Each structure stands twice: as structure tokens, then as C-alpha cells.
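Some notes on the structure that comes next.
The values are calculated or read from the model by the stated rules, or taken from the named source; none is laboratory data. In this text the structure is predicted, and so the values were computed from the model without any measurement. Here Cβ is always computed from backbone atoms with ideal geometry, including for glycine, and neighbour counts include all displayed protein chains.
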Amino acid sequence: MAEIVSNSKARRDYQVLETFECGLVLRGTEVKAIRAGHVHINEAFARVERDEVWLHNVHIDEYSHGNRENHVPKAPRKLLLNRSEIRKLHEANKVKGLALVPLSLYWKGHRVKVALAVGRSKAQHDKREDLKERDDERDMKRATMVRLKGR
């Protein structure tokens with residue numbers, strides 16, 4: 001499983017409640033552009049529409065060697081899930097305060113997969129607490145490393 005790109009804002013802005021592995025319907029030029037690393041998912045979100053899950057705001061640059069049949073960079077892309085998973089996501093999408101956020105795109109074999117999370121938006125004070133915890137952990141690691149080197 002080789003990660004292509006991750007959503008750095010997702011874990012900072014959302015508390016992840018549940019994750020799903022989804023397939024992604026892509027055209028040939030989209031896959032080639034992804035292989036070249038020309039994809040961004042920081043502003044992306046998913047939505048359940050008519051019993052299908054769609055990924056919006058994923059920016060896949062046009063393939064440089066493409067022709068007039070090249071893809072649209074910000075087109076909605078269909079996600080492939082089981083019917084029961086779609087039902088779960090539909091229920092989660094109805095609840096106020098929950099969002100469907102992609103965490104990362106990665107290769108599984110020769111296919112592109114999406115790690116999709118059901119997340120609850122974090123308040124500003126929660127984000128600050130996370131930063132404090134991260135700083136405290138970093139300080140503790142530094143202190144133990146200094147102690148180990150001193151021996």
C-alpha cells in the first residue's frame with residue numbers, strides 16, 4: 001500500500017469516528033496524472049447522492065500528454081462501496097456536525113483507493129489541546145534522548 005497523497009487538514013480539523021476503504025472511478029488520463037503526483041485532496045469532501053457516494057473538489061491536474069479527451073480537473077468522482085457501507089454513510093451524512101472527509105489516496109495493487117472518514121468537526125479549543133499534547137510528547141522524547149546520551 002503506497003500512499004499517493006494525504007489530507008493534512010483532515011485529522012487536524014476533524015475527530016475521525018470511522019473509516020472506509022473506497023474504490024475510485026477514474027479515466028485513463030486521471031490515473032496517469034495521479035501517477036505523476038499531480039493530485040490535491042485538501043479541500044475535498046464526499047456526499048451521498050441518489051444511493052451513490054461522490055467525491056467533490058479533488059483536483060487532478062490535466063495530463064500533460066493528453067489530447068482533447070483529457071479529463072476535467074475538479075469533476076466529481078464516484079466512489080465504489082458496498083450497499084451497506086453506503087447506507088452507513090448516508091445515515092452519518094444526515095447527522096448534523098458530521099462530515100465525510102477523505103484522509104488519503106493510495107495504491108492497492110494497481111488500483112487507486114480512498115481512505116474516507118466520518119468525522120466530527122473539532123472546536124478551536126480541541127485543536128489547541130491536540131497541539132499541547134503533541135508538544136508535550138515531543139518534549140518528553142527530547143528529555144529521554146538527552147538522558148540516554150548522557151550515560
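Points to keep in mind about this one:
- Filtered residues of region 124-151 (kept if among the aliphatic types (A, V, I, L, M) and surrounded by 10 or more Cβ atoms within 10 Å (Cβ to Cβ)): L131, M140, A143, M145
- I34, sole failed condition from (1) surrounded by 16 or more Cβ atoms within 10 Å (Cβ to Cβ); (2) under 19 Å from E3 (Cβ atoms); (3) under 12 Å from the mean Cα position of the chain (by Cα): (3)
- Qualifying residue in region 78-98 (condition: among the acidic types (D, E) and touching a Pro at 6+ places or on another chain (Cβ under 7 Å)): no
- Matching residues in region 125-139 - criterion: being in contact (Cβ under 8 Å) with a residue 24 or more places away in the chain and closer than 30 Å to G37 by Cβ: K127, D130
- Being at positive phi, in contact with an Asp or Glu (Cβ under 6 Å, 6 or more places away or on another chain) and surrounded by 14 or more Cβ atoms within 10 Å (Cβ to Cβ) is true of N57.
- Counted residues, region 88-123 - those being surrounded by 12 or more Cβ atoms within 10 Å (Cβ to Cβ) and under 27 Å from M1 (Cα atoms): 21
- Matching strands (runs of 3 or more DSSP E) fully within region 1-53 where at least 2 residues are among the polar types (S, T, N, Q): 14-24
- Unique residue being out of contact with any Lys or Arg (no Cβ under 9 Å at 6 or more places or on another chain), of a type in the set (D, E) and at pLDDT below 85 when the list is E49, E62: E62
- Scoring K122 on the criteria (1) free of Cβ contacts under 8 Å to residues at least 60 places away in the same chain; (2) touching a Lys or Arg at 6+ places or on another chain (Cβ under 8 Å) leaves a single failure, condition (1).
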